[in-house]
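The values are calculated or read from the model by the stated rules, or taken from the named source; none is laboratory data. Everything numeric in this text was worked out from a predicted model, so none of it was measured. Note that we place each Cβ from the backbone using ideal geometry, even for glycine, and neighbour counts take in every protein chain shown. Ligands, DNA and RNA are excluded from the accessible area calculation, which covers all protein heavy atoms including side chains. Shrake-Rupley method; radii C 1.70, N 1.55, O 1.52, S 1.80 Å.
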Amino acid sequence: MKESQKKDEVPAVARHFNQKLKLLTLQALLLERSDEEHPLTTEELRAALAERGIAAERKSLYDDMETLSRFGLDIHQRRGRGGGWFVGERLFQLPELKLLVDAVQSCKFITPDKSRALIRKLEGLSSVYQARQLQRQVYVTGRAKTMNESVYYTIDQLHTALSTGRQVSFRYFEYNVAKEKVFRRAGAHYRVSPYGLIWDSENYYLAGFDHDKGEIRHYRVDKMDGLTVLSQPREGEGTGRAFDAAAYGQKHFGMFGGREGQVRLRCEKSLVGVVLDRFGAESILIPDGEDHFTVTVPVVVSPQFLGWIFGLGTGVELTGPDWAVEAYRRQLEQVGERYR
């Protein structure tokens, strides 16, 4: 008798353990296999549970759904032909996931392998049917991506340095025509007090105080190598607190350096939207006749900024200061010489 009891105890314990897993398994099934267009019938749920060794009576499923609903899962039941159970509102809706997938795919500072890994994780936040729509979006275009696989972790370390107020050290490089790294400053390590991270033109930049140069500079994160968070506290603490990363990125066209100043532009009225998009809605536009307006903005005058003006043709005139006008005139003459 005791032997038979022992034989019966194992299946009983297994059944009890499986019943504990039932709610978790139901939640996983609904999140993975159901959406508004693909409800799961009660029989489909029972069959899926049975495959996992979990018995479920039809009536008990209704109680389980009520429990999951109280827990916070947005469960709906559609009655009638083609009906069943499905998850409605999710942490991220499909249009939101599409935006996130496109953002990951567009980021030049994320390598192709890391992009695919992140997108797979985003797909896991939708049903298998919705994930197919995200997969189709992945192959829209083949965008240029960074070759630096460590950039993902470099960004994480930089956030750590920023939050703890500590300096960082790294080597900085460019690529040659053979796609090999060529380190600046003969491979010496840069020592920088980080002030902020800026995302501009699909690249991540660190802005901070360069201790060797004694001034604020910025660096592309995907061109950093061997970044280390140092024990020394960040210097220039007052400047760090006052640093406005958005304003810094706005006045650096393409994040290129140059002489900074208050630049005056005279623009056609049709370019109001262009100017506001570039310099912000707080820019002060002053009417200048019936067809023009003027605006004064803080800008780092680089070849990229001058190229932006050139791209707008006769719609924009650079009127000051004199040194900026002269820089534009020289660039136009140099480019013109190339095409004579």
(message) Given (1) under 25 Å from PRO39 (Cβ atoms); (2) surrounded by fewer than 18 Cβ atoms within 10 Å (Cβ to Cβ), identify the lone condition not met by SER126.
(response) (2)
(request) Might you let me know whether the range 119-137 holds any residue that is modelled with pLDDT under 75 and of a type in the set (Ser, Thr, Tyr)? (result) no
(message) Can you confirm whether LEU73 is open to solvent by less than 70 Å² (accessible area, probe 1.4 Å), in a loop (DSSP other than H, G, I, E, B) and closer than 20 Å to ALA131 by Cα?
(response) yes
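Scan the range 93-110 residue by residue and report those that are touching a residue at least 24 places away in the same chain (Cβ under 8 Å) and in contact with a helix residue (DSSP H, G or I) (Cβ under 7 Å, 6 or more places away or on another chain).
LEU94, LEU97, LYS98, VAL101, ASP102, GLN105, PHE109, ILE110
Can you give me the number of residues within the range 52-75 that are farther than 13 Å from THR42 by Cβ and in contact with a helix residue (DSSP H, G or I) (Cβ under 9 Å, 6 or more places away or on another chain)?
Of all residues in the range 52-75, those farther than 13 Å from THR42 by Cβ come to 52-55, 66-74.
In the following step, the residues that additionally are in contact with a helix residue (DSSP H, G or I) (Cβ under 9 Å, 6 or more places away or on another chain) were identified as 52-55, 67-68, 71, 73.
Qualifying residue count for the region: 8.
Suppose we keep only residues that are within 20 Å of SER150 (Cα to Cα) and modelled with pLDDT under 90 within the range 220-236. Which one would you say is most open to solvent (accessible area, probe 1.4 Å)?
Looking only at the range 220-236, we keep the residues that are within 20 Å of SER150 (Cα to Cα), and these are 220-230.
Now narrow it down to the ones that are modelled with pLDDT under 90: 220-223.
Details: ARG220: 55, VAL221: 0, ASP222: 9, LYS223: 33 Å².
The extreme case among them is ARG220.
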(request) Hand me the list of strands (runs of 3 or more DSSP E) wholly inside the range 148-233 holding 2 or more residues that are within 21 Å of ALA245 (Cβ to Cβ). (result) 166-175, 190-200, 203-210, 215-220, 224-233
(request) Name every residue in the range 243-299 that is of a type in the set (S, T, N, Q) and at pLDDT 80 or above, in order of residue number. (result) GLN262, SER270, SER283, THR294, THR296
(request) Please specify each residue of the range 151-181 satisfying the condition of being at pLDDT 90 or above, among the hydrophobic types (A, V, I, L, M, F, W, C) and surrounded by fewer than 21 Cβ atoms within 10 Å (Cβ to Cβ). (result) PHE173
